[in-house]
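The values are calculated or read from the model by the stated rules, or taken from the named source; none is laboratory data. The structure displayed is predicted, hence computed values, not measured ones. Methodologically, a virtual Cβ is constructed for each residue, glycine included, from the backbone with ideal geometry; neighbour enumeration extends over all protein chains shown.
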Amino acid sequence: MSTPGSTPGSTPGSTPGGDDHAGPAPAADPQPAGHQPGYTVVLLDAALDPVAPARPIVEVADPFLTGWLGPHWRRADPPFLLLLPYPSDDTGIGGDPPLAYASDAIGYIQVRVHIAGHWHYRHPHTAVEVLGPGVRAWVQALDPAERRRVRAFRIDGPGIERLLHIPAPVPLGVAEVTPYARGERPGFRIRPIPPAPPPARRLADLGAAPPPPGFAEAALHTGFVKVVMEPVVAAELERDRPFSDQVEQGGFLVGEVFADADAPETFIVLVRAAVPAEQVGASFLHFTFTGDSFDAIKARLATEHQGAVLLGWYHTHLFPATDAMGLSSIDYRLHFTTFRIPWQVAGLVNLDGPHRVLRWYVRRGEDMLLCHHQTRGARP
Ligand SMILES: [Zn+2]
């Protein structure tokens, strides 16, 4: 990931350096909260000319914000959208017609909901995720002639023009790749080596109790993986380890995995340590791993955590937990691309002042579902 460019990439009203201690909103703010003059979204035709009058960015973001956060975001202190000059893989909206995102230098938007001195939410989303639903609804409401012309959308506003990027042209040359003929094959073979099946254990063998009846059947829950933490891990994540209240932090989970001898096709992960990642850069954006952090954890697995495996990852969110709000779409993407073994888990620590909520997730299909977790030896 690159370092920040010279463009601050923040909406007007943000102060440099960190304005996380903004006080309560002024009592008589003449503007509705979140009014952010100057930043608009423009629909573009194939020549990147505007199709319809530009609309304020907040108006276009409204369907996403209301769907994700509920209506209370409207009471937030501005600025609540920070435009972040980092590219993302999310470069357009599918559907009919597909729409390209033409401000792709602004890959992410940090959504911040700070009301009366208290954080309700602060997390980045891709710009396409934030603007997509509003742009789609807007295009649907155009008259048919205009609608047919729309090919792309972009953000306009102070500083943005310097970040504009012209989408890559369609290549003129093509390379033809022909498949092997029947019976023909390359001169080498690659086969994945299947991991050895984990040894079977019972929760009781680990000083742990079965999840409460019905846990796995509840919405967005799963019994596929049960998480058992060593007491030191639980104490650190839930209480003792100092975490920043300014940047998300996280790292790797190491320990052991077992097939649950009492429940076929399900697993028990025993978390022995939560090792902070040695990450650099971009950590202000959202928690992310670097190649170096993987090298470091591999070395530690070979030395001080011998016999342990990489169980997954954990990270912090800097706002209170709600049932509806667990891992973000960025977290899903990180998990799906990086932690591909089915039983690998994601630990999430929501920080709300001194109050913390620890939750665990595992992939099932295209979702991350909540796992039961407990501390080893703490059975009732
Ligand atoms: Zn996250």
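Applying the selection to the stretch 303-326, what residues are within 11 Å of the ligand (Cβ to nearest atom), of a type in the set (A, V, I, L, M, F, W, C) and surrounded by 20 or more Cβ atoms within 10 Å (Cβ to Cβ)? Lay out the reasoning, then the answer.
Going residue by residue through the stretch 303-326, those that are within 11 Å of the ligand (Cβ to nearest atom) are 313-319, 325-326.
If we keep only those that are of a type in the set (A, V, I, L, M, F, W, C) as well, we get 313, 318-319, 325.
Residues satisfying the conditions are 313, 318.
How about the stretch 337-362: which of its residues are farther than 13 Å from residue 271 by Cα and either within 14 Å of the chain's Cα centre (by Cα) or within 14 Å of the ligand (Cβ to nearest atom) (or both)?
Answer for the stretch 337-362, where residues must be farther than 13 Å from residue 271 by Cα and either within 14 Å of the chain's Cα centre (by Cα) or within 14 Å of the ligand (Cβ to nearest atom) (or both): 337, 338, 339, 348, 349, 350, 351, 357, 358, 359, 361.
Taking the stretch 291-318, which residues are in a loop (DSSP other than H, G, I, E, B) and touching a residue at least 12 places away in the same chain (Cβ under 8 Å)? Before the answer, list the steps.
The initial filter retains those residues of the stretch 291-318 that are in a loop (DSSP other than H, G, I, E, B), namely 303-308, 318.
Selection gives 305, 307, 308, 318.
Tell me yes or no: at least one residue of the stretch 74-86 is assigned to a helix (DSSP H, G or I), in the same structural domain as residue 136 (by TED's automatic domain parsing) and at pLDDT 90 or above.
Start the filter on the stretch 74-86 by keeping residues that are assigned to a helix (DSSP H, G or I), which leaves 74-75.
Narrowing further to those that are in the same structural domain as residue 136 (by TED's automatic domain parsing): 74-75.
Next, from what is left, pick out any that are at pLDDT 90 or above: 74-75.
Yes - at least one qualifying residue is present in the stretch 74-86.
Looking at (1) modelled with pLDDT of 90 or more; (2) out of contact with any helix residue (DSSP H, G or I) (no Cβ under 9 Å at 6 or more places or on another chain), which is the only condition residue 96 fails?
(1)
Please verify whether the stretch 320-335 includes one or more residues that are small (Gly, Ala, Ser), touching an Asp or Glu at 6+ places or on another chain (Cβ under 6 Å) and modelled with pLDDT under 85.
Taking every residue of the stretch 320-335 in turn, none turns out to be small (Gly, Ala, Ser), touching an Asp or Glu at 6+ places or on another chain (Cβ under 6 Å) and modelled with pLDDT under 85.
Within 16 Å of the ligand (Cβ to nearest atom) and either without any contact (Cβ under 8 Å) to a residue 60 or more places away in the chain or assigned to a helix (DSSP H, G or I) (or both): does that describe residue 139? Write out each step before concluding.
Values: within 16 Å of the ligand (Cβ to nearest atom): no; either without any contact (Cβ under 8 Å) to a residue 60 or more places away in the chain or assigned to a helix (DSSP H, G or I) (or both): yes.
Considered against the rule, which asks whether it is within 16 Å of the ligand (Cβ to nearest atom) and either without any contact (Cβ under 8 Å) to a residue 60 or more places away in the chain or assigned to a helix (DSSP H, G or I) (or both), residue 139 comes out as no.
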